[in-house]
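The values are calculated or read from the model by the stated rules, or taken from the named source; none is laboratory data. Since we're looking at a predicted model, the values are computed, not measured. Because the Cβ atoms are built from the backbone with ideal geometry, glycine has one as well, and the counts that use them run over all protein chains shown. Heads up: the accessible areas ignore ligands, DNA and RNA and are worked out on the full protein's heavy atoms, side chains in. Shrake-Rupley method; radii C 1.70, N 1.55, O 1.52, S 1.80 Å.
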Amino acid sequence: MKLEKLSIIIPAYNEEKTLHKILDKVREVQLINGIKKEVIIINDASSDNTEGAILNYQKSHPEFPMIYHKHDVNQGKGAAIHTGIKEATGDFLIVQDADLEYDPEEFNDLLKPVIRGMADVVFGSRFMGSKPHRILFFWHTIGNKFLTFLSNMFTNLNLTDMETCYKMFNTKFVQSLDLKEKRFGFEPEVTSKIARIPNIRIYEVGISYYGRTYAEGKKINWKDGFRAIYCIIRYNVFK
């Protein structure tokens, strides 16, 4: 297929301090093969001035193709992603966190297997390749690898990073899924359901990772880890 447009979904909750920086990065990146960008940002009822930051950015960059949606009640990252998926009109879509942990310059690395006609889904792995990774939490890393291992047992995939934010999907495929999880359970649920599509072609490429500490605004915690285990079992065993 000819890939003409990439939808970039940005869920945002209390990200007024970093939002303009990530939008600058997304705006400045030049996608290979002249692929156009469609940016869909979802404000999940932030309690800070995230909305003001978004509206100011739109006013300052009227040429930037950014679509803004707002949830009146905080529903969770997964729910914000659901909204973005429904609104996406690009041939493929990718989720971009509103913080600075992932580098939009690497969209092109994920696009390469798609452009070559080899992939329907591309995962960006923080645990493979030679790109830079900030050294942070030992147990957080062990938890991520355990969840990936458990997910792989059920899906029969050999992913190295199921919990990654960077998942690039054929838009029609991911829009065909009935997604339920409204928080961080989105990752194991979408992995389980996308893996069941007949003849789906899934690739993985190494990406860099500039992780945040909790003091810097990281939101996922141990409770989300237990929810992920529940989701892996629920969406793989009880189909």
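Tabulated data
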item: At R0 = 25 Å, FRET efficiency that the Cβ-Cβ distance of residue 86 and residue 17 yields, to 0.05; result: 0.35
item: For the chain, size of Cβ-based charge dipole, Lys and Arg +1, Asp and Glu -1, in debye; result: 600 debye
item: Distance between modelled label sites at residue 196 and residue 2, nm, 7 Å Cα→Cβ extension; result: 3.6 nm
item: Helix-only CD estimate at 222 nm, as mean residue ellipticity for the chain, using -39500 (n - 2.57) per DSSP H run (n ≥ 4); result: -11500 deg cm²/dmol
item: Top of 55, 150, 31 by mean-square fluctuation, Gaussian network on the chain, Cα under 10 Å; result: 55
item: Approximate spin-label separation residue 173-residue 29, in nm, with each point projected 7 Å along Cα-to-Cβ; result: 1.9 nm
item: Residue (of 18, 64, 94) at the positive-pole extreme of the chain, dipole from beta-carbon charges; result: 94
item: Percent of Cα pairs exceeding the 13 Å cut-off, where the set is region 15-56; result: 58 percent
item: Fraction of antiparallel bridges per DSSP, the chain only, in percent to nearest 5; result: 20 percent
item: Distant-in-sequence amide H partners of residue 204 (H built 1.01 Å from N, under 5 Å); result: 123
item: DSSP H segments from the chain that extend 18 Å or more along their own axis, Cα-based, with Kyte-Doolittle mean of -0.5 or above; result: 138-155, 222-237
item: Under-5 Å amide H pairs with residue 40, H placed in peptide plane, nonlocal only; result: 8, 9, 10, 67
item: Highest-MSF residue in the chain out of 148, 191, 89 [GNM, Cα springs under 10 Å]; result: 89
item: With every protein chain in place, region 36-138: carbon and sulfur % of accessible area (1.4 Å); result: 52 percent
item: Pair residue 149, residue 51: separation of 7 Å Cα→Cβ label points (nm); result: 4.5 nm
